[in-house]
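Structure, as structure tokens:
The values are calculated or read from the model by the stated rules, or taken from the named source; none is laboratory data. Predicted model only: the values in this text are computed from it and were never measured. Cβ sites come from the backbone with ideal geometry, for glycine too, and all protein chains shown count toward neighbours.
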Amino acid sequence: MGRAVALARLARGDRVTVIGSSGARGRALLDEAGDARLRFLRADLSSIAEVERVAARIGEEYGAVDALGLFANRIAAKRVETADGLESTFALYYLSRHLLGTLLRPLLDAAPAPVIVNVAGVGTTAGGIVWDDPQLVRRYGQVRAQLQAGRANDLLGVAFAERGYGRARYVLYHPGFTRSGTDGHPNPLVRSSIKVLARFFARSVDEAVRPIVGWIDEPPAAPLAAFDRGEPVELSLKTLDPGDAARLADYTEGLLRERGR
């Protein structure tokens, strides 16, 4: 989906920077686009230092950022701990998005109508923050980790708006089952099943990213907006509780302080 948004915005004349972990896919995207306005930065966004590095690099190249699209995620069948001592799904799917929104805030604030689009699972109420073990040390499961990080992203949007973290409008977006990332599951049998299901039941990538492309041109008026497969999500939903958002923000800031950030 990130690739599709990048190509769509290039077609509209934008300068675009894509961050990804695969150098081969990055080179393929650059070759496909054939456009000097596209930049690719290779980085492992599960690393705090890597997020800081790419944010600094973007700051060197741009005086303002009109839109920040947050897509990064990867399924981990077993618990993996990053170099920062964090559970990898939490670090990549949630913390990298928190950091990018924070570190790029001055550049977003310098744009005339900035927007952040966080692609996760808003509207889904399954799962939640495991407050007594957020790093899932005692009982890890890949579904549990994905659901926790998804709910954390819901709360990230709430905290951004509630705490006045910048001028950017924040959009939480659940695209639903999309023909995107079907190669990502580590189990080959599950991966094959997902591909078959996607062929018949999933939305096309172009259809899924169309709202994102539009929000970059015309961000919603409210500080926070949420959409689940095209339908607005009520911000009174229990998974968007401001108290939980503040609690997660405090926990996250504590994690970063412990690591000298």
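Annotation: of all residues in the range 93-117 being among the hydrophobic types (A, V, I, L, M, F, W, C) and within 15 Å of Gly164 (Cα to Cα), the one that is surrounded by the fewest Cβ atoms within 10 Å (Cβ to Cβ) is Leu103. Comparison of Leu108, Leu136 shows that the only residue that is among the hydrophobic types (A, V, I, L, M, F, W, C), farther than 22 Å from Arg3 by Cα and in contact (Cβ under 8 Å) with a residue 24 or more places away in the chain is Leu136. Sort through Asp31, Asp35, Asp44 and tell me the only one that's part of a helix (DSSP H, G or I) and of a type in the set (Asp, Glu). Only one candidate passes the filter, namely Asp31. Among the residues of the range 141-152, those identified as closer than 12 Å to Thr89 by Cα and assigned to a helix (DSSP H, G or I) are Gln142, Val143, Arg144, Ala145, Gln146, Leu147, Gln148, Ala149, Gly150, Ala152. Across the range 139-176, what is the number of residues that are touching a residue at least 60 places away in the same chain (Cβ under 8 Å) and not aromatic (Phe, Trp, Tyr)? Of the residues in that region, 20 qualify.
Here the range 238-261 is the region considered, the condition is being among the basic types (Lys, Arg) and not in a helix (DSSP H, G or I), and the residue that is modelled with the lowest pLDDT is Arg261. Within the range 68-121, the set of residues being among the aliphatic types (A, V, I, L, M) and in a loop (DSSP other than H, G, I, E, B) comprises Ala72, Ile75, Ala76, Ala77, Val80, Ala83, Leu86, Leu104, Ala110, Ala111, Ala113, Ala120. Between Ala152, Ala145, Ala120, Ala168, which is buried (at least 21 other Cβ atoms within 10 Å of the Cβ), small (Gly, Ala, Ser) and under 17 Å from Gly243 (Cα atoms)? Of the residues listed, the single one that is buried (at least 21 other Cβ atoms within 10 Å of the Cβ), small (Gly, Ala, Ser) and under 17 Å from Gly243 (Cα atoms) is Ala152.
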